[in-house]
1. For Ile78, all conditions in the list (1) more than 27 Å from Val231 (Cβ to Cβ); (2) part of a helix (DSSP H, G or I); (3) modelled with pLDDT of 95 or more; (4) of a type in the set (A, V, I, L, M) hold save one; what is the number of the exception?
2. Determine, yes or no, whether Ala157 is farther than 19 Å from Leu115 by Cβ, among the hydrophobic types (A, V, I, L, M, F, W, C), touching a residue at least 40 places away in the same chain (Cβ under 8 Å) and surrounded by fewer than 24 Cβ atoms within 10 Å (Cβ to Cβ).
3. Look through Lys54, Lys85, Lys105 and report the one residue that is surrounded by 15 or more Cβ atoms within 10 Å (Cβ to Cβ), out of contact with any strand residue (DSSP E or B) (no Cβ under 9 Å at 6 or more places or on another chain) and charged (D, E, K, R).
4. Give all pairs with beta carbons closer than 6 Å in which a residue from segment 183-210 that is in contact (Cβ under 8 Å) with a residue 60 or more places away in the chain and over 15 Å from Leu115 (Cβ atoms) meets a residue that is of a type outside the set (Val, Ile, Thr) and in a strand (DSSP E or B); count only pairs at least 6 apart in sequence or on separate chains.
5. Scanning segment 190-205 for residues that are crowded, with 23+ Cβ neighbours inside 10 Å and hydrophobic (A, V, I, L, M, F, W, C), which turns out farthest from Ala174 (Cα to Cα)?
6. What is the number of the single condition among (1) in contact with a helix residue (DSSP H, G or I) (Cβ under 6 Å, 6 or more places away or on another chain); (2) surrounded by 20 or more Cβ atoms within 10 Å (Cβ to Cβ) that Leu152 does not meet?
7. Select from segment 171-197 the residues that are under 16 Å from Ala209 (Cβ atoms) and part of a loop (DSSP other than H, G, I, E, B) and list them in ascending order.
Amino acid sequence: MEKLYVVLLLAFIGSGYSALQVADLTHSFDNTTLYWPTAMADRFRFYKKIVHGKGPTFYSMNMFCAAEHGGTHLDAPIHFAEGKKTVGQIHITDLIGNLSVIDVKQKSSTNPDYLIGEPDFIEYEKRNGKINDGSIILLNSGWSKYWPNATLYYGTASNDTTILHFPGLSPAGARWLIDNRKVKAVGIDTASIDYGQSQDFQAHRILMAQNIPVFENVANLDIVPAKGAIVYALPMKIGEGTGAPLRIIATWDDSVKSSGPHISLSFFAILPGILLAFLSS
């Protein structure tokens, strides 16, 4: 009888539930995945592939290796702040939150060394309302369109890190987010939260000194609404990792405006699976 009540409750909730929109903000890991120019030798690769049997006896498996910091990935605070959290120590609630997408594509299109800062956040809030405390900020510079062309993405064909050119968060912008908006995490669609010309990585250091993780090489930010989505950024849980591959998605109600291809999940499309799992338990 108790299960029947739960089923009826779910049906009641679903009667007023809008379709859920889902967007994948992750670049696939494969032999085109970009890593920091000095770490390309340690890029993602399968070093062994096993295929056994056919038909009813078939199975396959791969073995891979990769540096922590490449592709769509998380930087743990320990990456640039001694004694701060490793990947395994980041609480799961700090990787899920209200999403604010700061769009600076137009400014970045004319200045590949554009530094994102307080004026961009103030402009965003004039259009979308205040960034909520505890939000996750994703910076949309438009650089994802260059993936996986290394020359365009890094602004050079060289692995000389002194001549990289791509946008990033300014140190002052990092401080503003910490002091004024109490953010959980900050991400960007470039190779680094610091802009390409940075040699001291101050945006990293400022954020990570406060145990704020960073997401880099994020994809598909044009799909996601500027405000109103929830982001889920779940890394491979490497206990002592300074970074890890990241699967990051955003979800939002279909009443929130967005653009681009994404998946729409009706409550009633997923309700049978929920009920089946529940009733068979």
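1. In the conditions (1) more than 27 Å from Val231 (Cβ to Cβ); (2) part of a helix (DSSP H, G or I); (3) modelled with pLDDT of 95 or more; (4) of a type in the set (A, V, I, L, M), Ile78 misses (1) alone.
2. no
3. Lys85
4. Between residues of segment 183-210 that are in contact (Cβ under 8 Å) with a residue 60 or more places away in the chain and over 15 Å from Leu115 (Cβ atoms) and residues that are of a type outside the set (Val, Ile, Thr) and in a strand (DSSP E or B), the close pairs are Lys184/Gly97; Gly187/Leu138; Gly187/Phe215.
5. By that ranking, first place goes to Ala191.
6. Result: Leu152 fails condition (2) only.
7. Once the filter is applied, which keeps residues that are under 16 Å from Ala209 (Cβ atoms) and part of a loop (DSSP other than H, G, I, E, B), segment 171-197 yields Lys182, Val183, Lys184, Ile193, Asp194.
For (1) of a type in the set (A, V, I, L, M, F, W, C); (2) touching an Asp or Glu at 6+ places or on another chain (Cβ under 9 Å), each residue gets a yes or a no:
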{"site": "Arg43", "(1), (2)": "no, no"}
{"site": "Tyr59", "(1), (2)": "no, no"}
{"site": "His69", "(1), (2)": "no, yes"}
{"site": "Pro77", "(1), (2)": "no, no"}
{"site": "Phe80", "(1), (2)": "yes, no"}
{"site": "Ile90", "(1), (2)": "yes, no"}
{"site": "Asn111", "(1), (2)": "no, no"}
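The values are calculated or read from the model by the stated rules, or taken from the named source; none is laboratory data. In this text the structure is predicted, and so the values were computed from the model without any measurement. Virtual Cβ from ideal backbone geometry, glycine too; neighbours counted across all protein chains shown.
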